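**Student:** What follows is a single structure, and I will ask about it in a moment.
The values are calculated or read from the model by the stated rules, or taken from the named source; none is laboratory data. Quick caveat, the model's predicted, so the values are computed rather than measured. Note: ideal-geometry Cβ built from the backbone for every residue, glycine included; neighbour counts use all protein chains shown.
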Amino acid sequence: MITEKDLKKIFDTYYTKLVSFANRFLTTIGEAEDLVQDVFIHLWEKENTFPDETSLRIYLYKVVRNKCYNVLKHNKVKHKYAENTIRSLEDNNLFLKEILEEETVSQLYKAIEVLPNRKKEIIKLSLKGLKNSQIAEDLNIKLQTVKTLKSQAYRILRDQLRELEAIIYFLLA
């Protein structure tokens, strides 16, 4: 087990070397320093034992290498996400599609909120993916009642969402 005194000695011996090694792969010295500090915290918390100095040295360099690799993989994912986001913001068609989706969902939920309570419950449960038979069971009503109320709710929603058709037409024109 590594004592506090041992850890200090290991830190003093390897910290600078490990930071330099990590900085070969990472973009900033601060990032390399943080990573190496994490390695020492991990070393302290795991209570590892090493048969000799060489095993310890190999362990430290491998852990730093693996952590650098993980940081680089994570940065690659972040970079790719940022590129896709920028691309989607630059694409007018995608921009309009996003607006349409947002407006559609918003209008749908506004329309649902003004439905009578039982119809509102049924539509919300339908949107959660429940089948008519499951809704009937959950609400303790007959299957035919669910079908009738759902049909009436759809009719009301269609009438209320005609306004949305005008917005869609405007955006697509």
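**Student:** Filter the range 133-149 down to the residues that are at negative phi and surrounded by fewer than 17 Cβ atoms within 10 Å (Cβ to Cβ) and list them by number.
**Tutor:** If we filter the range 133-149 for residues that are at negative phi, which is where we start, we get 133-139, 141-149.
Answer for the range 133-149, where residues must be at negative phi and surrounded by fewer than 17 Cβ atoms within 10 Å (Cβ to Cβ): Ser133, Gln134, Glu137, Asp138, Leu139, Ile141, Lys142, Leu143, Gln144, Thr145, Lys147, Thr148.
**Student:** Would you confirm whether or not the range 87-97 contains a residue that is in contact (Cβ under 8 Å) with a residue 24 or more places away in the chain, under 31 Å from the mean Cα position of the chain (by Cα) and not assigned by TED's automatic domain parsing to the domain that holds Arg24?
**Tutor:** Just the residues of the range 87-97 that are in contact (Cβ under 8 Å) with a residue 24 or more places away in the chain, to begin with: 96.
With under 31 Å from the mean Cα position of the chain (by Cα) added as a condition, the list becomes 96.
From what is left, the residues that are not assigned by TED's automatic domain parsing to the domain that holds Arg24 are 96.
Scanning the range 87-97, I find at least one residue that is in contact (Cβ under 8 Å) with a residue 24 or more places away in the chain, under 31 Å from the mean Cα position of the chain (by Cα) and not assigned by TED's automatic domain parsing to the domain that holds Arg24, so the answer is yes.
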